[in-house]
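Novice: The structure under discussion is supplied below as structure tokens; questions concerning it will follow.
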Amino acid sequence: GGVARNYFNCARVEEINKTIEETIKKKGVILNGWNFCPEVDESYVSLHKGIDFDYQYIKKETKRKPSLQMVSDILQRENLNISNFEKIIMIGDGEDDRLLAKNLQCPFIDVKEKDYKDLKKEFGSLRW
């Protein structure tokens, strides 16, 4: 929702995601793809009055989390199936992220207000 809220533009999101991708690849993590949804739906806007939304990003429906649609789009684009993956982790900072993890039936790491030490401990405690 940051793009729709005018916090940053799509190019900035892509720059951030590219930096994350390059960083985790150095650690041996394979990232098969990433997606983001700059749009928000009309019901979201009605619940957040007072925010100066960029109206070009307000839609009737979106692919936003916790919908599985963005994940499905990546899998289709990469010619993959969810069963191709040995491990899946959802990393995020909000309720929609947690709900997407539930929909994916995978662990969720909540990064909100956690420092590196806390996150490292949480990642280390994951049980597959």
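The values are calculated or read from the model by the stated rules, or taken from the named source; none is laboratory data. Since the structure is predicted, the reported quantities are computational estimates derived from the model, not experimental observations. Every residue, glycine among them, receives a Cβ derived from its backbone with ideal geometry; neighbour counts consider all protein chains shown. SASA here: full protein model, heavy atoms, side chains in, ligands and nucleic acids out. Shrake-Rupley method; radii C 1.70, N 1.55, O 1.52, S 1.80 Å.
Novice: Cut-off under 29 Å on the C-alpha distance; same-chain residues fewer than 8 positions from LYS25 excluded. Which lysines are left, in chain and number order?
Specialist: Counting by Cα, and skipping residues close in sequence, LYS25 has these lysines nearby: LYS63, LYS65, LYS87, LYS102, LYS112, LYS114, LYS117, LYS120, LYS121.
Novice: I've got another one for you. Share of the chain's accessible area from carbon and sulfur, percent, 1.4 Å?
Specialist: After summing per-atom areas, the C and S share lands at 50 percent.
Novice: Going by alpha carbons, how many degrees (0 to 90, nearest 10) lie between the helix axis of 95-104 and the longest principal axis of the chain?
Specialist: The helix 95-104 is inclined about 50 degrees to the chain.
Novice: Related question: Where does the Debye-calculated log10 I(q)/I(0) of segment 62-128 sit at q = 0.18, 0.26 Å⁻¹, using only Cα point scatterers of equal weight, no solvent?
Specialist: With one equal scatterer per Cα and no solvent, log10 I(q)/I(0) is -0.74, -1.17.
Novice: Find the Cα radius of gyration of segment 1-89, compare it with 2.2 N^0.38 Å by division, and give the number to two decimals.
Specialist: It is 1.26.
Novice: At a 1.4 Å probe radius, which order do ILE16, ILE109, ILE74, ILE30 fall into by accessible area, largest first?
Specialist: ILE30, ILE16, ILE74, ILE109
Novice: Can you give the helix-only mean residue ellipticity at 222 nm for the chain, where every DSSP H stretch with n ≥ 4 adds -39500 (n - 2.57) and the sum goes over all residues, rounded to the nearest 500 deg cm²/dmol?
Specialist: Estimated from H runs of four or more residues: -11500 deg cm²/dmol.
Novice: Looking at the chain as a GNM with Cα springs under 10 Å, which of GLY50, GLY94, GLY33 has the largest mean-square fluctuation?
Specialist: Greatest mean-square fluctuation among the candidates belongs to GLY50.
Novice: Accessible area per residue, 1.4 Å probe, Å², for segment 1-107: what's the number?
Specialist: 71
Novice: What is the magnitude of the charge dipole of the chain about its Cα centre, with +1 placed on the Cβ of each Lys and Arg, -1 on the Cβ of each Asp and Glu, and no other charges, expressed in debye to the nearest 20?
Specialist: Rounded to the nearest 20 debye, it is 400 debye.
Novice: Let me ask something else about it. Measure nothing but the geometry: give the 0 to 90° angle between the long axis through the Cα atoms of 10-25 and the longest principal axis through the Cα atoms of the chain, rounded to 10°.
Specialist: Helix 10-25 sits at roughly 0 degrees to that axis.
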